[in-house]
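**Student:** Mind looking over this structure? Questions follow.
The values are calculated or read from the model by the stated rules, or taken from the named source; none is laboratory data. Keep in mind the model is a prediction, meaning the values are calculated, not measured. As a convention, Cβ positions derive from the backbone with ideal geometry for all residues, glycine included, and neighbour counts pool all protein chains shown.
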């Protein structure tokens with residue numbers, strides 16, 4: 001069985017009024033390390049450590065069968081890094097990146113102080129980055145003047161976290 005070497009990224013669209021229930025359900029699974037609401041096509045972004053692809057598939061199947069789930073997208077990660085000592089900022093967002101150079105993009109993201117973690121994933125978005133900032137303008141600037149300037153970037157899609 002193929003082992004997973006990094007956290008996987010999961011996106012969920014849930015039935016109206018079910019965001020809190022879905023987040024509680026996700027966080028109740030020991031493999032899920034992070035689950036928060038986001039604004040955009042999906043309602044929740046989660047990350048999780050699944051020991052192998054079969055475990056990830058089993059989890060995806062179970063979540064899709066829950067009553068709250070309307071759509072589910074999973075990006076199994078093959079590598080990830082997290083900035084040591086990153087402080088919690090007031091604003092954060094997740095950017096899905098399609099690039100012709102995933103490994104180089106992943107390395108380049110480590111240069112930007114507002115990028116707190118990055119994942120090389122399998123799927124249509126081959127890199128996912130978590131951005132934190134003290135002002136929303138810093139997130140916008142990081143995406144437009146830093147990330148989108150990386151050689152090989154084809155497309156980005158950003159989901160801003162919905163803070164309570």
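**Student:** Taking the stated definitions as given, is residue 77 within 18 Å of the chain's Cα centre (by Cα) and farther than 17 Å from residue 162 by Cβ?
**Tutor:** Yes: the conditions hold for residue 77.
**Student:** Does the stretch 1-42 hold any residues that are closer than 22 Å to residue 127 by Cβ and either without any contact (Cβ under 8 Å) to a residue 12 or more places away in the chain or in contact with a helix residue (DSSP H, G or I) (Cβ under 8 Å, 6 or more places away or on another chain) (or both), and which are they?
**Tutor:** 2, 4, 8, 10, 12, 31, 32, 35, 36
**Student:** Moving on. Do we have any residue at all in the stretch 108-118 that's modelled with pLDDT under 85, under 25 Å from residue 23 (Cβ atoms) and not assigned by TED's automatic domain parsing to the domain that holds residue 30?
**Tutor:** Looking through the stretch 108-118, none of the residues is modelled with pLDDT under 85, under 25 Å from residue 23 (Cβ atoms) and not assigned by TED's automatic domain parsing to the domain that holds residue 30.
**Student:** Got a sec? Which of 97, 63 is under 18 Å from the mean Cα position of the chain (by Cα) and modelled with pLDDT of 95 or more?
**Tutor:** On inspection, the qualifying residue turns out to be 97.
**Student:** Among the residues of the stretch 5-30, write down those that are in a loop (DSSP other than H, G, I, E, B), surrounded by 18 or more Cβ atoms within 10 Å (Cβ to Cβ) and touching a strand residue (DSSP E or B) at 6+ places or on another chain (Cβ under 8 Å).
**Tutor:** Once the filter is applied, which keeps residues that are in a loop (DSSP other than H, G, I, E, B), surrounded by 18 or more Cβ atoms within 10 Å (Cβ to Cβ) and touching a strand residue (DSSP E or B) at 6+ places or on another chain (Cβ under 8 Å), the stretch 5-30 yields only 7.
**Student:** I need a count of the residues in the stretch 50-87 that are farther than 18 Å from residue 7 by Cβ and outside the structural domain of residue 34 (by TED's automatic domain parsing).
**Tutor:** 2
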